[in-house]
Structure formats: C-alpha cells, structure tokens
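Worksheet for the structure shown next.
The values are calculated or read from the model by the stated rules, or taken from the named source; none is laboratory data. Predicted model only: the values in this text are computed from it and were never measured. Cβ sites come from the backbone with ideal geometry, for glycine too, and all protein chains shown count toward neighbours.
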Amino acid sequence: MGAPFLTGSIAPAAKGFSSGGRKAGTASKERKRRIDLKDELSGATKAKAMTSAVKKPVGEGWKQLATVKEVREKGGKKPFIVKGVEGGVLVIEAKEDGAEDSAWFACNVYSTAYKYPLMDGTVSRSESGKWTIETPLDGTKYDLRTGAVIEWCPQDTVGRKILGALKSSVQPSPLTTYPIAIEEDNIFVKY
C-alpha cells in the first residue's frame, strides 16, 4: 500500500515575522491548517475498512483491484495496469464504438513472444466475434477470453519479418488470463 499520502497544502513562509507587505489582518486568514497525522491516518484506516465491506464474488482467491470508474478514467479500451499481482494485471474494457454494453478482461501485462508490454496493445473484435489484443511490437494476437494465440509473430512489416523469423521455430505460448467479476462497480480478479 505504501506510505500514507497527506492532503492539503502548506503556504510558503513569509520572510521574517512581518506581514510581507500584506494588509494588516490578512495574515491570519492566509494561514493554512496544521496537518494532524493522527486524523489523516485514522481516515486511511476507515477507508480501508470500507473497502473490506465491498460485496465480493463467491469463492477464494478474488482480489479487488480497481473500480470501473478508475479503469475508464485511465484506459477505456486500452489496457490498464493494476498493481496487486506480481508484474501486474491488465484490466481491459472492450467496447465497440457507440455500444452501451462492454466486456471485461484481465490478462498478464506482457506478451509471450517478446515480453513486450500490452499496455499499448490494440483491442479489437475479430470477424468471429472474439475480443483480441494485438502486440504493437511483433503483431501477435491473443484471444482475450482464453489467452489462445490467434496469430503468432506475423511477418507483415520489415521489422516484424526479422522478429517473426527469430520466433519461427518457437512454439506459440498462450497469454495468461484471469477470471474477472464486476460487483457493484468494483472489479475483482481471481489469481
């Protein structure tokens, strides 16, 4: 979780003890409140307690990683790194333009061919209706639901011809995917 984050701002100190050229009586109005660590830390404890009261999916191993709002603010259709799993998990909302419904997926952060981050991967729907993610570096496509390799290192550009040739004798490796559940705007992933 890391160190507590303190909110509030501290005004720069005025030179000496004078009013610094301000009108009399305004210095007291400009003073900022003293940050009380006890109050700040008790607020963090309350927030943590509220998180544990969130409705979870049935079964063991489910961890709350984010909220729907957080993913939409930071990623939308693009993959979003969520800390909480070794290396992280990408939580992806796949949604066609103009559609109200969306599909949610969770997968490993890195592609299997060259361990390239999928954060900038292209999410799209295939002709067969499967949601896929394409690695920008080597072009490998994965099925987001199962992790199956749809296309392994295609040699469709000059750079990809070199990368594809290097991986031509390597057995394609599926992408690790994780079960995902949405409960009351909270995203849970089982790992």
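Some notes on this structure:
- Residues of region 72-93 that turn out to be closer than 20 Å to Trp131 by Cβ and either at pLDDT 80 or above or among the β-branched types (Val, Ile, Thr) (or both), as a count: 8
- Test: Leu163 is buried (at least 16 other Cβ atoms within 10 Å of the Cβ), farther than 27 Å from Ala103 by Cβ and aliphatic (A, V, I, L, M): yes
- Checking Tyr191 against (1) more than 19 Å from Gly61 (Cα to Cα); (2) touching a Phe, Trp or Tyr at 6+ places or on another chain (Cβ under 7 Å); (3) of a type in the set (Ser, Thr, Tyr), the condition it does not meet: (1)
- Matching residues, region 157-191, being more than 21 Å from Arg72 (Cβ to Cβ) and not in a loop (DSSP other than H, G, I, E, B): Val158, Gly159, Arg160, Lys161, Ile162, Leu163, Gly164, Ala165, Leu166, Lys190
- Wholly enclosed strands (runs of 3 or more DSSP E) of region 90-150 bearing at least 1 residues of a type in the set (Gly, Ala, Ser) and closer than 16 Å to Arg72 by Cβ: 103-108
Here's the yes/no breakdown for (1) at pLDDT 90 or above; (2) in contact with a Pro (Cβ under 9 Å, 6 or more places away or on another chain); (3) not hydrophobic (A, V, I, L, M, F, W, C):
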site: Ala49; (1), (2), (3): no, no, no
site: Lys95; (1), (2), (3): no, no, yes
site: Val123; (1), (2), (3): yes, yes, no
site: Ser126; (1), (2), (3): yes, no, yes
site: Tyr142; (1), (2), (3): yes, yes, yes
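- Residues located in region 95-107, provided they are closer than 15 Å to Thr146 by Cα and surrounded by fewer than 20 Cβ atoms within 10 Å (Cβ to Cβ): Ala103, Trp104
- Pairs where the first residue, in region 57-71, is at pLDDT below 85 and the second is among the hydroxyl-bearing types (Ser, Thr, Tyr) and in a loop (DSSP other than H, G, I, E, B), C-beta under 8 Å, 6+ apart: Gly61/Tyr191; Lys63/Tyr191
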